[in-house]
Amino acid sequence: MLETYQNYVNGKWVNASTSQTFQDINPADKDDVVGLFQASSREDVKHAAQAAAEEFSGWAALSGPQRGSFLYKAADALESRLEDVARSLSREEGKTLMEARGETARGVTILRYYAAEVMNPQGDVIPSVNAKSLVYTSRVPLGPVAVITPWNFPIAIPLWKIAPALAYGNTVVFKPASLAPLTGLNVVKALQDGGLPPGVLNMVTGSGASTGEELVKNPFIKGVSFTGSNEIGREIATWAVNKGAKFQLEMGGKNPVIVMPDCDMDQAVELTVSGAMRSAGQKCTATSRAIVLDDILEEFTERVVDRVKQLKLGPATDESAYLGPLVSQEQQQRVLTYIERGKGQGALLLAGGKALTGAPFDQGFYVEPTVFGNVNEDMIISQDEIFGPVLCITSAANLDHALKIANGVRYGLSASLFTRDLNAAMEFARRIDAGLVRINGETSGVEPQAPFGGMKASSSHSREQGQSAKEFYTEIKTVYIDPAGR
Ligand code: NDP
C-alpha cells in the first residue's frame with residue numbers, strides 16, 4: 001500500500017498546512033511510487049522555525065557531552081536499520097546498493113564522530129598583558145539553523161550538516177531534496193530514536209520553490225547550510241546576506257584528473273572510471289575531465305574506453321550493476337542534451353552517448369556511461385557541470401599545460417594527479433585550484449574527520465566536516481575576567 005509520510009515538527013509527525021502531497025518515484029522504475037510526502041508551504045516552515053527557536057535555549061544549555069549522548073544513540077539506531085535504510089535510499093535515488101550501504105555506514109560514522117567531537121576543547125586561553133586577568137574564548141551556537149540538502153547523498157550530506165549543528169548546540173529545520181525525501185525522513189527517525197527533545201530537529205518536505213525563501217528569510221533562522229546547484233546557492237547567499245544570517249554553500253564541480261606518463265596505468269584507468277561513473281556521475285566530486293599527457297594519451301584513452309564499455313548498468317536491486325539510472329527524467333534529459341552539445345562542438349564520442357532502451361531500461365532514466373575524446377578546453381562539456389556519467393578526455397603537452405587546463409574552469413572542488421614523481425605531486429598540490437587534492441586517488445570520496453569544500457564557484461569558501469564544521473555552527477565569544485577590587 002502506498003504510504004503517506006509526514007513532516008516532523010516539535011516532536012510530532014504532522015501533515016502540511018496545504019493538505020497536499022507529492023510523489024517520490026523510483027528512478028529505475030517510473031511506475032514504482034516510493035511514497036507520498038507533504039507538499040509544505042511557508043506556513044509549515046514558520047511553525048518548524050518557531051519550534052526550533054523555542055527549544056534553542058534549553059538545548060544550548062546542555063553540556064556538549066550531554067548533547068553528544070543523543071548522537072551516539074542515533075548512530076546505534078541508524079546502524080541497526082542499515083540494510084532497510086540503504087535499500088530505500090537506492091530505491092528512491094537509484095544508486096547501487098553497495099554505494100547506498102556505504103553511504104549509510106558513513107552516516108553512522110559521522111554521528112559518532114560529532115558525538116565524540118564535543119569532548120574536545122571548544123575554546124582557547126589567551127595570554128593577557130595583565131598577569132591577573134583571565135582571557136579565554138568559548139564557542140557558542142548560532143541558534144536555529146536551516147539545513148537544505150540535495151538528493152545525491154541523501155544520508156551523508158544531511159548528517160554532516162545536522163550532526164555538528166546539534167553537537168555544538170544549535171537547533172535545526174531540515175528540508176531534504178524532493179527527489180529523496182524518504183532517506184531524509186530516515187535520518188530524522190534515527191535522531192528521534194536517539195531521544196532528541198521535541199523541537200530540536202524539525203523536518204519539512206516540499207519543493208524548494210515553496211519552502212526555500214522562508215527557510216532562509218525566517219527571522220528565527222540564524223544560519224543556513226546548503227548543498228546543491230550554483231544557481232540556488234547564489235540566491236540563498238543573497239537572501240542570507242540581506243538579513244545578516246550566516247551561510248555556507250557547497251555547490252558544483254568540474255573535477256579533473258591529470259594523468260602523467262609515469263603513472264601506474266592500471267590504477268589511473270580504474271580510479272578515473274570509478275570517479276566518473278559510480279553513482280552515474282552524480283557526485284559533486286565526480287571526475288568529469290581526464291587531462292592526459294600526450295605520450296600516453298592513446299594508451300590511456302583506449303584502456304578507459306575498454307573499461308567503460310564493460311560497465312554494467314542496472315537497477316539498484318541488481319547487486320552486480322556498476323551504476324544505476326540518473327535520479328530523474330529531467331536529469332536524464334539534461335545529460336543527453338550535454339552529450340548532443342559535445343558532439344555538436346566536435347568532441348569525439350568514444351563510448352556510450354545514449355539513453356538505454358529495452359527492458360528494464362525503458363522503465364528508468366538510464367544513460368550509457370559516455371566517454372568523449374578530442375575535447376577542447378573551451379567546449380561546453382569541458383566547462384559545465386554535467387552531473388552524469390560523462391568523461392571528457394583532453395590532451396596536454398606537460399604538467400604546466402595540464403594545470404592551466406585543469407584550473408581553466410569556474411569551479412575548484414576536487415582534483416587528482418596520477419604520478420610516481422614526488423616533485424610533480426608537490427607542484428600539483430601547490431598550484432591546483434581545488435579544495436580537495438588527491439595524489440593517485442579518485443576525485444570523489446572524503447573522510448568525515450577531514451575538512452571538505454571547494455574553491456572558486458564551488459563553495460562559499462567555507463568548509464564542512466571534521467573540526468571545520470565548528471567554524472560554521474558556532475561563533476566565538478571572547479571573555480575577559482579580572483579580580484574584583486584590584
Ligand atoms: P538544487 O540546487 O535545485 O536543489 C538542492 C536543494 O535546494 C534541494 O533541497 C532543493 O529543493 C532546494 N531548493 C530548490 N530551490 C530552492 C530555493 N529557491 N530556495 C531554497 N532551496 C531550494 O539542485 P537540483 O537538485 O535541482 O540539481 C540541479 C543541479 O545542481 C545538478 O544537476 C547539479 O549540477 C547540481 N547539484 C550539485 C550538487 C552537489 O553536491 N554539488 C548536488 C545536487 C545538485 P527541491 O529538491 O525541492 O527542489
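Derivation of every value follows stated rules applied to the coordinates shown; laboratory data play no part. From a predicted model like this one, the values you see are computed outputs, not experimental measurements. As a convention, Cβ positions derive from the backbone with ideal geometry for all residues, glycine included, and neighbour counts pool all protein chains shown.
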Listing VAL145, VAL305, VAL257, VAL269 by rising number of other beta-carbon atoms within 10 angstrom, fewest first, gives VAL305, VAL269, VAL257, VAL145
Shape descriptors of segment 152-219 over alpha-carbon atoms, Rg and Dmax in angstrom, are 11.7, 32
For segment 399-485, using Cα atoms only, the Rg and Dmax in Å read 18.3, 68
Computed about the Cα centre, the charge dipole of segment 255-439 from +1 Lys/Arg and -1 Asp/Glu charges at the Cβ has a magnitude in debye, to the nearest 20, of 460
Using alpha-carbon coordinates alone, the radius of gyration and Dmax of the chain in Å work out to 23.3, 86
Between the residues PRO360, SER288, SER88, the Cα farthest towards the positive end of the dipole of the chain, that dipole coming from +1 and -1 charges on the beta-carbon of Lys, Arg, Asp and Glu, is from SER88
In nanometres, the difference between 0.36 nm per residue of separation and the alpha-carbon distance of SER63 and GLN329 is 91.1 nm
P(r) over all Cα-Cα pairs of segment 154-302, 10 Å bins from 0 to the longest distance, whole percent per bin, short to long, reads 10, 31, 26, 17, 12, 4, 0
Among THR4, ALA16, ALA425, the residue whose Cα sits farthest towards the positive end of the charge dipole of the chain (+1 at Cβ of Lys and Arg, -1 at Cβ of Asp and Glu, taken about the Cα centre) is ALA16
The distance between the Cα centres of segment 358-393 and segment 279-329, in whole Å, is 9
One finds, for SER320 and GLN467 with R0 = 41 angstrom and r their Cβ-Cβ distance, a FRET efficiency to the nearest 0.05 of 0.55
Under 16 Å by backbone N from the virtual spin label 7 Å along Cα-to-Cβ at GLU475, the residues of segment 232-276 are 240-248
About its Cα centre, the chain carries a charge dipole, from +1 on Lys and Arg Cβ atoms and -1 on Asp and Glu Cβ atoms, whose size in debye to the nearest 20 is 1560
Summing -39500 (n - 2.57) over every DSSP H run of at least 4 in the chain, dividing by its residue total and rounding to the nearest 500, the 222 nm mean residue ellipticity is -12500 deg cm²/dmol
So the FRET efficiency between LEU134 and LYS243, C-beta based with R0 = 30 Å and rounded to 0.05, is 0.25
per DSSP, antiparallel bridges as share of beta bridges in the chain, % nearest 5, sits at 40
By the mean-Cβ-within-10 Å protection proxy, highest first, 237-247, 97-107, 127-137, 278-288 rank as 278-288, 97-107, 237-247, 127-137
Binned at 10 Å starting from 0, the alpha-carbon pair-distance distribution of segment 181-267 in whole percents comes out as 13, 32, 27, 13, 11, 3
